[in-house]
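None of the figures in this text is laboratory data; all of them are computed from the coordinates on show. It should be emphasised that the depicted structure is a prediction, and the values quoted were computed from it without experimental measurement. Every residue, glycine among them, receives a Cβ derived from its backbone with ideal geometry; neighbour counts consider all protein chains shown.
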C-alpha cells in the first residue's frame, strides 16, 4: 500500500507541477487566474471617459448653435435696416424733416428720422465764402432698428441725401 501511496503521491506532484506552469498562448495574459476579458472597473472607467467626451462635444455644439443664431439675427437686422433705408431714400416726397416708424413680421421695429443737415464750419485754410442761395439742401436720414426684446437701438444706419429746395425754403434763406 505504501507503494500505491507513493505512486499516487508522485502522480499528484506531477499534476501540481503541470498546473503550475502557465499555458503558452499567442497573446500574453495579465490576469493571475488566466481569464481573459475586461474587468468591471475597466469598463466603468471607459464609460466615464466616453460620457465626459460626449458631454464636452455636446456643450461645444450647443454654444456654436447659440452663436449661429445670434449671427443670423444680426444679419437679418442689418438686411431690414438696408431695406428700410433704400425705401426711405427712394421716396421723393420727403423734402423736409420728418419721422416715421414701422415693424416687420418677425417683431423687429424700425424708425426713420429725417433732419436738415448743416455743413460743419470749414477749416480756415483759405478764406472763401460758401454760396448761400443754393437750389438744393442736404437731408440726414437715420434708420434705427430695434429687436423684439430690446429697449434700445440695436443697429443704426445714417446717410445724406441732396434734395431740391422748395420755394418756401428759398424765401426763408433770403430773409
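So for the pair residue 65, residue 99, with labels modelled 7 Å out along Cα→Cβ, what separation do we get in nm?
Each label point is offset 7 Å from its Cα along the Cβ direction, giving 4.1 nm.
At a Förster radius of 30 Å, what calculated FRET efficiency corresponds to the Cβ-Cβ distance of residue 82 and residue 119, to the nearest 0.05?
Details: r = 26 Å, r/R0 = 0.87.
Efficiency for this residue pair is about 0.70.
So for the pair residue 56, residue 73, with labels modelled 7 Å out along Cα→Cβ, what separation do we get in nm?
Distance between label points: 3.0 nm.
Could you work out how far apart the two model spin labels at residue 160 and residue 89 are, taking each label as a point 7 Å from the Cα in the direction of the beta carbon, and quote it in nm?
1.4
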